[in-house]
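One structure is given here, and the rest of the page talks about it.
Nothing in this text is a laboratory measurement; each read-out follows from the coordinates by a stated rule. Keep in mind that what you see is a predicted model, and the values were worked out from it rather than measured. Virtual Cβ from ideal backbone geometry, glycine too; neighbours counted across all protein chains shown.
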Amino acid sequence: RLRRLETELGLELFERTPKGHVLTPVGQTVADKVEGLEHTASEIAALSDMDGPLAAGRVRLGVTEGLGSLLIAPAMADFAAQNPHIGLDIIAVSGFVSVPKREADMSIMLTRPKTGRVKVRKMSDYVLQMYAHPDYLARTRPVEQVSDLSEHDLIGYVDDLIYSTQLRYHEDIAPGLTPRFCSPSIVAQWQMAREGAGIAVLPHFIAAGDPNLVHVLPEEVRIDRAFWLAVHEDVHGTTRVRAVSRFLDDLFAASTERLTGTS
């Protein structure tokens, strides 16, 4: 196909190397033009339903794993009832998809994006604290102050896989705290804690209602964070994206106590 494209255009677009095809300067220019055309086509597609009365189509939402799996996904039946013509891809992973690169139409993030063609607003504060299974606490040394944590099995993220500085919780609690059991998945960390493997820093919306977990140092350890919504400018005004935004606003408003521990 590459040779046919070069023949049809009468241009040498690729240089063959032992490692594969590399764009020539002319090929790079063509690629830039095509990317520009794709961007224009995306803008036109967005305009086509900018003011349409019916919210329809598909929206891709990037979201942190815990929030997507435990707060947003359970609300999908309500979303479906309110928006019968909208499909929603919830990309709930241990990391972020890029809205500026159009990997998602919108994304709920841990930090406010500072670059890219995105509209950004704060969704909500949320709180994290330390939790453990009562059996773990019963068989180990008492945890009466922060300095006692160094004698315990801590649960946290794999250091070189941390995708946001906002996840370096143990550094906020005390210098030198190193988790024994690690995973890039907050759900895996939650499961380790609730089965008695150690003490984990978990969002209130995940752990507070779990009968297998109790607070550890609730007065001493409280970490405040925020969720930010980023929406690509090309689709910000579309009826389908506005519908998803309204749904998220309502969901977060109804979940304030679960997110922050306060009513």
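Largest GNM mean-square fluctuation among A208, A200, A230, using the chain with Cα springs under 10 Å: A208. Evaluated with a Cβ-only charge set (Lys, Arg +1; Asp, Glu -1), the chain carries a dipole of roughly 600 debye about its Cα centre, given to the nearest 20. With a cut-off of 15 Å between beta carbons, the residues surrounding R141 carry a summed charge of -3, where Lys and Arg count +1 and Asp and Glu -1. Rounded, prolate or oblate: which fits the stretch 127-224 when a ≥ b ≥ c are the square roots of the eigenvalues of the alpha-carbon gyration tensor, with rounded for a/c under 1.5 and prolate only if a/b beats b/c? Note, shape of the stretch 127-224 comes out rounded. Lysine pair count for the chain with Cα-Cα distance under 30 Å and sequence separation of 8 or more or different chains is 9.
Under the shape rule built on the C-alpha gyration tensor, where the axes satisfy a ≥ b ≥ c, the stretch 79-130 is oblate, since a/c reaches at least 1.5 while a/b does not exceed b/c.
Between D224 and H85, the FRET efficiency from the beta-carbon distance, with R0 = 30 Å, is close to 0.20.
I'd like the distance separating the alpha-carbon centroids of the stretch 194-225 and the stretch 147-178, in whole Å. Each part's Cα centre sits 14 Å from the other's. Short-range pairs are left out: with C-alpha atoms under 8 Å and at least six residues apart, the relative contact order of the chain is 26 percent. With a sphere of radius 13 Å drawn around the Cβ of D210, what net charge do the other residues whose Cβ falls strictly inside it have (Lys, Arg +1; Asp, Glu -1)? After counting each charged neighbour, the total is +1.
When L61, L110 are sorted by how many other C-beta atoms sit within 10 angstrom of their C-beta, beginning with the fewest, the order is L110, L61. When L149, L70, L11 are sorted by how many other C-beta atoms sit within 10 angstrom of their C-beta, beginning with the fewest, the order is L11, L70, L149. Considering only E103, E15, E220, the Gaussian network model of the chain with Cα springs below 10 Å gives its largest mean-square fluctuation to E15. Spin-label model, I162 to T140: label points 7 Å out along the Cα-to-beta-carbon direction sit 1.9 nm apart.
Rg over Rh for the stretch 201-263 works out to 1.12, both radii taken from alpha-carbon positions and Rh defined as the Kirkwood radius. Using a simple spin-label model with pseudo-atoms 7 Å out from Cα toward Cβ, K101 and K114 lie 1.9 nm apart.
The helix-only estimate of mean residue ellipticity at 222 nm for the chain, built from DSSP H runs of length n ≥ 4 each weighted as -39500 (n - 2.57), is -9000 deg cm²/dmol after division by the residue total. Measuring max minus min along each principal axis, the C-alpha atoms of the chain give extents of 76, 53, 28 Å (largest first). The GNM of the chain, with springs linking C-alpha atoms under 10 angstrom apart, assigns the highest mean-square fluctuation among V244, V30, V93 to V30.
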